[in-house]
1. Using per-residue counts of other Cβ atoms within 10 Å, averaged over each peptide, order 230-240, 20-30 from highest down.
2. Quick check: residue separation of ALA454 and ARG548 times 0.36 nm, minus the Cα distance between them. What number comes out in nm?
3. Say R0 is 30 Å: what FRET efficiency, to the nearest 0.05, do ALA96 and ARG177 get from their beta-carbon distance?
4. Say R0 is 30 Å: what FRET efficiency, to the nearest 0.05, do ALA199 and ARG263 get from their beta-carbon distance?
5. Angle check, please: helix 52-64 long axis (alpha carbons) against the longest principal axis of the chain (alpha carbons), in degrees 0 to 90, nearest 10.
6. Could you compute the FRET efficiency for TRP165 and SER355, with r as their C-beta to C-beta distance and R0 at 30 Å, rounded to 0.05?
7. Using only DSSP helix segments of four residues or longer, with each worth -39500 (n - 2.57), what per-residue ellipticity at 222 nm results for the chain after dividing by its residue count and rounding to 500?
8. May I ask which residue of ALA87, HIS127, LEU77 lies farthest towards the positive end of the charge dipole of the range 73-137, with charges of +1 (Lys, Arg) and -1 (Asp, Glu) on Cβ and the Cα centre as origin?
Amino acid sequence: MPAEITLTDAAGAVPAEAVAPLIRGVAVVRQLTEAGGVLSLSGLERATGLARSTVDRITGTLARMGYVRLDGRDAVLTPRIMELGNAYLAALRLPALLDARADALADELDESVSLAVADRDGIRFIHQATRRRAMSLSFRIGDLLPAERTAPGPLFATEWTEPEWRHWRERRAADPRDEGFPAVPERSSPGPDFEQWTAQVREDGWALDDQLIEPGLVAVSVPVRDPRTGTIACVASVVSHTSRHTADDLRNSLLPTLRSAVRTMEEDLAEDLREAPHGESPAPSGLATWTGASKQELGREFVESLARGLTVLTAFGEDRAELTLTEVAQATGLARATARRALITYEHLGLVTPSGDRRFALTPRVLSLGFPPLSRTTLPALALPHLTALAARIHEPASLAILVGDDVQYTARVATSRVMSVNIAVGTRLPAYATALGRVLLADAPPREHELRALTPRTLTDPAALATALETVRTQGYALVDEELEAGLRSIAVPVRDRTGRVVAALNTATHVTGRTVAEYVRDVLPELTVTAGAIEADLRVAGRFTRVSAA
Ligand code: PHB
């Protein structure tokens, strides 16, 4: 067990009503997260101390939920698990309100900007606008850092109560080298007197981190205050490297800009409060029915209490930040007693906190359930398992490509073992106008001039004919290109769209014309491509909700 779990939970014994399989499932997810998203099943057995049969049942259940993929001997976290962290970030609302301001500040200063919230005696990032050069490590959304080694830390500590200071002192004594914080390098020096530093920061209203995490890394931070209460909602930081800015530089040249950006953020928060309440967003439902059916199908291998428990976290979200037990039960379709035991379990694990008026809220620690390693995923990485499954079903290669200038560029590809299969490496560029991938991408792009050269006798070289072909792609939703790039080569492609409906990539397969007829291709292969594009889009919707998923 990592120190982060044992230290903070050591105080309270496990409540009698806690759901043991849920505790074990959470431990598995956290170990996978700390391992960077992949761990062998035997590695999980060692890391959690659970029996192999238990690890198998838990990972099997997580796989059924779409949170884990079993890949040979490895368990791999999937983008879908980000829906747990998304539930917290949506309920918090701060990312939705402030991310764009933080990104704009990073552009203006050409330095990284982050937003962090307090997580007990640590800080946890809820946004990163990264401009990190090769020089220093960069943190991810969901990473936890010890408060006393960061600039946001003493700002949050200005609000600590005596029990919180005591908790901090106990943690420092129990973990002098910060082993409970896997995101930071081991502590090598005691650092400044944190209580004195906090007193100073209370006077100043800002804080400076002069290489407390690692040599070279410097940061300046300012609190963003909640307009209702005046308490700190989150802390905005500008992060740099001593090769560009000394700590003094940060204070003198960047702090004024950071302060004015924070004033704008506070105005945004106040403005949001003046707006009419947001409509209640619909909660997920039908989950209990789904877990029941999975139990029927998988029997002993499906840990229903784990699946039910995890669905409780997804009951929270935008405009659903604080829920009563009844609301949780209604949202999930679980019996009240089941929902209650899940909440008791989560409270024990520090993932849920009572929020007054018999309500419960998610804590920032929910981000430790899979979010950091997946928060920097790319579209090709996200698509690859789906391409693999597609290639296996259709016995043809499957590829993903984006538009680069007038070309399509392959960003992910899974070949089949067939001798005849078309062999193209990732990174290969081909003229967009003569390929199915390219036509799918051009159909969604602003009209442009092409130099249309006849690559085969069948290549469309008349601009009007190409325009008609693109119009057909838009109406029918796919492109089929027959021997226009190369004699004997037939390809079919469909679009992959992001949350906003924009086409961000194209997905295709190609074959030799001696294989299926065109009609067979459309009848048999197109539906498989469409299903695969849908699966990639579903992952992209979850992963892209609070992070930017890069297209390549
Ligand atoms: C960061 O955003 O990476 C960051 C912020 C504040 C620090 C250190 C790092 O003190």
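The values are calculated or read from the model by the stated rules, or taken from the named source; none is laboratory data. No experiment lies behind these values; they were computed from the predicted model shown. FYI the Cβ positions are ideal-geometry reconstructions off the backbone, even for glycines, and counts take in every protein chain you see. Areas reflect the complete protein model, heavy atoms only, side chains present, ligands, DNA and RNA absent. Shrake-Rupley method; radii C 1.70, N 1.55, O 1.52, S 1.80 Å.
1. Working: 230-240: 22.4, 20-30: 20.8.
Sorting 230-240, 20-30 by mean packing, highest first, produces 230-240, 20-30.
2. Details: separation 94, 0.36 × 94 = 33.84 nm, distance 3.85 nm.
Gain in length upon complete extension: 30.0 nm.
3. Details: r = 37 Å, r/R0 = 1.23.
The value I calculate is 0.20.
4. Numbers: r = 25 Å, r/R0 = 0.82.
Between ALA199 and ARG263 the formula returns 0.75.
5. Between the helix axis and the principal axis of the chain, the angle is about 60 degrees.
6. Working: r = 23 Å, r/R0 = 0.76.
That gives a FRET efficiency of 0.85.
7. Working: 19 runs with 224 residues, N = 552.
Mean residue ellipticity at 222 nm (helix-derived): -12500 deg cm²/dmol.
8. Positive-end residue among those listed: LEU77.
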